Each structure stands twice: as structure tokens, then as C-alpha cells.
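Q: Below you'll find the structure I mean.
Read-outs: derived from the displayed coordinates by stated rules, not from any lab. Model, not experiment: these values are computed from the prediction. Cβ: placed from backbone, ideal geometry, glycine included. Neighbour counts: every protein chain shown.
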Amino acid sequence: MSRFGVAKTLARRAMAACAAIAIALAIAACGGDGDGDEPTPDFPAVADDICVDVAQQLSDARDDAPPPDSPKDAAELLEVQLPIRLDGLRRLQALRPPPELVNAWNQYIGLAEDRVDALDEAKTAADDEDAAAYRAALDRFERLSDKARQVGEQVGFEACAEVLPPAGQEDVLGAVEKLLTSPDSKKVCAEVVTERFAKTVYGSVDKCESGRGLPTAVSLRLLDVGGVASTSAFVDVEVTDFFGKTRQQRAELVFENGTWKVDYRETLEEPPGEEKPKQGSEGSESQPDEAQTTPDETSPESTTTTESTTTTESTTP
């Protein structure tokens, strides 16, 4: 039986008041008022196609970049990804929704513009090595992304709302469950995580197999899941270990050779009094005492990026 068991996906986080969105500005930006413009044929499908293309480009850009282990790395990755997001935004702005979707579409475009602004702020903070400003900008991006997913679902989007089909959700959750709970390190390192993940955290796939050790997670509670079908996905979970401690983690996955694999992991929230573990801390070949391991798995694999350089992987423009 899945360890997610009775855990259920949380409803999309409560949407902030849409009245605060500058509708007039959004209308001017996307031309969605309908005056003299015929609606784009197959509007939701065309928008979703754009979002799939953007998601794939963002995934490719991340593959070509080193893990954002430093402010410099994070700034360089954002510098590559921001033009991709801007191009996707412009392509979406050129679409014309049917009359009944104009209001929701304007809200979506306004949120998309704000998300790009938030990432631009994050890049500036990373360039300045300002960890607090960088985290604040990413937190703002995440809040805007939650709202955009909600509005996107109202419009009828799938990819643009980061809604995975049921089969995709099942596969994504299965990969994350294996990562956090399976004692079979050989299978996890060879089949569940990407080669980049194994190299980044352990140094190599072989070291992953020999150094991962046994997981300590006893239960998982699903908080959120989303992504773009056959491209990229994220899963937020609350993990409880056998010491009774809980922490929230995000796993980011890519679709590789027909299989969902974990490419990155970030601690979202630690138990009171503890700090987020840093990537590379507690070297990949050393095993600390059991009581020092993180609750989801053993110490080498549990190392994650530092708070100041974590990047966000919402893949819509």
C-alpha cells in the first residue's frame, strides 16, 4: 500500500483577491478585450502547446547548466531561463480568448507578467549575493505560480495550469515515494533519480548505491503536485521520520527516456530549531550517526541546495 495512503492532494492554495490585479494593464498587454479580434481557434489547446514548449526549453536549459549551488550559478541559470519565459509570455499575449474567458485570461496574463518580474528580482538578488532578497523573490514567484495555476484551471488549461493527467500523477508520486522510503539503493540510484542527481549529491551513481544507506521516513503526506505532462513535475510532501520529526520537502522531476526521475530536491521547511541542510554538507562518502540523518532518507542523499541558491521550477511562462 502506498505510504501516501490516506494523504490527499491539498486543494490549490487559497487564491488571493483577484481585485488587486491590474486588469486594465493586462488587457492592454494581451489585447484580450476582443475589439476587432477574432478568438484564437482551439484557444486552450494552442495556449497549452506554448506552455509545453516553454517547459521543454526550461528543462533543456537546466540540463545544460550546473546545479545552482552558489549565487553565481543561480544567477546564470536565471539569465538563461528568463528570455525563454519572456518569449513564452509574448506568445501567450498574442492569443485571443473567447469572450467568456476574457476576464480569467487577463488575470492569468497579469500573473504571468508578475512572475517574470519576480524572477528578474531573484536574478538581481543572486547577482548581489543577497540571500534574503533572493528567497523573498522566489517566495513571491511561488505565490504567484499558485494563483496562476488556479486561474489556469478556470480557463480550462492543462499544461499552462501545470495539471498532470492522473496516470502522470501516479507515476510521479511513485518515484518520489521510492526515493524517500525504498531501502533498495541500487534500484533508486539507477532508476529513480537522474544521473545528474546522483553525481551532484554523491559524486557518481556507484557512490550513490554504496553511500545512500537506509531511509528513515515512516510516513509521507502529500501537499501538492503539478507539472507538464511528459516534461517536468514537482511534488511537495511532508515527511515524518521515526523520531517523530516532520519536515516539508519538494522533489522536482524530469521525464527521461519514458520515465519520471527525480532531478532535484529541496527542503521547504525544517522542524523548529533546525536549519536546511546544504548540498555537499556531510560528504557523500561519510555516514553520520543515525540520529543526525534527515527523516526522509540517509544523510548523503538528504543534502540539498542552500536556502540562498534554491531555484524554483514552475515551468509555465
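Q: Percent of Cα-Cα pairs per 5 Å bin, from 0 to the last occupied bin, for region 88-220, please list those.
A: Bins of 5 Å from zero give 2, 9, 13, 12, 11, 14, 16, 12, 6, 3, 1, 0 percent of pairs.
Q: Using a 10 Å cut-off on Cβ atoms, rank the peptides 260-266, 242-248 from the highest mean neighbour count down.
A: Averaged packing, sorted descending, gives the order 260-266, 242-248.
Q: From Cα pairs below 8 angstrom and at least 6 apart in sequence, can you work out the relative contact order of region 131-273, rounded to a whole percent?
A: 20
Q: For the pair D69 and D49, what calculated FRET efficiency results from E = 1/(1 + (r/R0)^6), where r is the Cβ-Cβ distance and R0 = 41 Å, to the nearest 0.05? Don't jump to the answer; show the numbers that get you there.
A: Details: r = 34 Å, r/R0 = 0.83.
My answer for the efficiency is 0.75.
Q: Thinking of region 19-155 as a set of Cα atoms, what percent of all their pairs are more than 25 Å apart?
A: 30
Q: Quick one: which residues, 5 or more positions from V163 or on another chain, have an amide H under 5 Å from its amide H? H modelled 1.01 Å from N in the peptide plane, none for Pro or chain starts.
A: G227
Q: Contour minus end-to-end for E256 and A136, with contour as 0.36 nm per residue of separation and end-to-end as the Cα-Cα distance? The partial results should precede the final answer.
A: On the way: separation 120, 0.36 × 120 = 43.20 nm, distance 3.16 nm.
Between E256 and A136, full extension yields 40.0 nm more.
Q: Another question about this same structure. Which order, highest average first, do 178-187, 212-221 follow once you tally other Cβ atoms within 10 Å for each residue and take the mean per peptide?
A: By packing density, highest mean first, the sequence is 212-221, 178-187.
Q: Determine ³J(HN,Hα), in whole Hz, for all residues of region 133-142 in sequence, where each value follows from phi through the Karplus function 6.51 cos²θ - 1.76 cosθ + 1.60 and θ = phi - 60°; x replaces Gly and Pro.
A: Once θ is set to phi - 60°, the couplings for region 133-142 become 5, 5, 5, 4, 5, 5, 4, 4, 4, 5 Hz.
Q: So if we plug the beta-carbon distance of T124 and Q248 into 1/(1 + (r/R0)^6) with R0 = 35 Å, what FRET efficiency do we get, rounded to 0.05?
A: With a Förster radius of 35 Å, E is 0.80.
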